[in-house]
Amino acid sequence: MPKVVHALVLLLALAASARAAEPPTIHLAGDSTMAIKRAEKRPETGWGEFLAEQFAPGAIAVDNRAMNGRSTRTFIAEGRWSALLEATRPGDIVLIQFGHNDQSIEKPDRYTPPADYVRNLARFVADVRARNATPVLLTPVARRRFDEDGRIVASHGKYPDLVRSLAAREHVALIDMERRSSAVLQEAGVEGSKELFLWLAPGEHANYPQGVQDNTHFSPKGAARMAREFAAALRESGVKVSKLDRAP
């Protein structure tokens with residue numbers, strides 16, 4: 001074999017070996033509840049910001065492309081989905097969590113009708129599988145909403161059930177974050193759950209001089225708790241994440 005050809009073969013083999021040794025990437029497609037926040041939004045925190053901490057050092061890489069205010073429809077329209085796909089490699093995992101904005105019928109700039117929502121999610125699943133990667137569907141996390149008897153109230157209409165049905169039909173791993181987060185909030189109670197969300201008194205933080213009572217977006221403590229819930233559920237699901245993974 002000529003030396004040049006031999007060297008080229010060796011370089012290709014080394015490149016393939018290096019790629020195989022790289023940890024898988026977990027890509028996040030979703031909305032504000034998992035997104036990385038801008039400085040002026042702090043201390044609002046997306047649970048995806050705490051995802052890497054739930055795995056052993058070096059076991060995974062995280063590519064958080066979730067974005068505030070996005071639905072499945074706008075995530076596609078803005079080119080965010082195609083960009084995520086381009087970055088997805090065989091063996092990677094793609095987390096897909098939408099619903100907060102899709103079901104906001106009072107906001108036509110982001111609303112996605114149920115049939116279109118299912119169609120978009122099914123497209124996401126097929127696209128990820130075509131890249132020889134693993135799709136994981138997530139139901140939306142619960143809002144902090146209680147009834148007069150202190151019971152958590154579901155606030156996403158039929159959308160979580162649409163995710164569950166699609167996951168069963170397409171044999172996709174499902175992480176039921178609505179149910180898991182609802183259980184967390186129910187256990188914390190009406191008052192205790194406030195510290196999991198962006199509740200600040202006037203003057204408590206420079207970004208919110210008038211204070212804020214946000215029952216959708218998480219505090220750092222709430223985001224960290226949701227990330228732990230997700231990681232526990234992912235391990236229970238049987239999805240193979242990384243041979244280097246272990247519970248931290």
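The values are calculated or read from the model by the stated rules, or taken from the named source; none is laboratory data. Quick caveat, the model's predicted, so the values are computed rather than measured. Note that each Cβ is placed from the backbone with ideal geometry, even for glycine, and that neighbours are counted across all protein chains shown.
Look at region 95-118: where a residue is farther than 30 Å from ARG235 by Cα and a partner is acidic (Asp, Glu) and surrounded by 14 or more Cβ atoms within 10 Å (Cβ to Cβ), sitting 6+ places away or on another chain with Cβ atoms under 8 Å, you get ARG110/ASP102; TYR111/ASP102; THR112/ASP102.
Based on what the data block shows, is ASN215 in a loop (DSSP other than H, G, I, E, B) and in contact (Cβ under 8 Å) with a residue 24 or more places away in the chain? Judged against the criteria, ASN215 is not a match.
May I ask you to verify whether ALA247 is small (Gly, Ala, Ser) and modelled with pLDDT of 95 or more? The answer is no for ALA247. Here PHE55 passes the criteria (1) crowded, with 19+ Cβ neighbours inside 10 Å; (2) under 21 Å from ARG143 (Cβ atoms) except the one numbered (2). Strands (runs of 3 or more DSSP E) fully within region 41-155 that include at least 1 residues being modelled with pLDDT of 95 or more, hydrophobic (A, V, I, L, M, F, W, C) and in contact with a Pro (Cβ under 9 Å, 6 or more places away or on another chain): 61-64, 93-97.
Here LYS194, LYS240 are screened, and the one residue that is surrounded by fewer than 20 Cβ atoms within 10 Å (Cβ to Cβ) and assigned to a helix (DSSP H, G or I) is LYS194.
Looking only at region 107-117, residues that are surrounded by fewer than 11 Cβ atoms within 10 Å (Cβ to Cβ) and among the acidic types (Asp, Glu) come to 1 in all.
When SER104 is tested against (1) surrounded by fewer than 17 Cβ atoms within 10 Å (Cβ to Cβ); (2) over 20 Å from MET34 (Cβ atoms), exactly one condition is not met: (2). Close contacts from region 17-32, counting a first residue that is within 16 Å of SER242 (Cα to Cα) and crowded, with 19+ Cβ neighbours inside 10 Å and a second that is at pLDDT 95 or above and polar (S, T, N, Q), with Cβ to Cβ under 7 Å and a gap of 6+ residues or different chains, come to HIS27/THR88.
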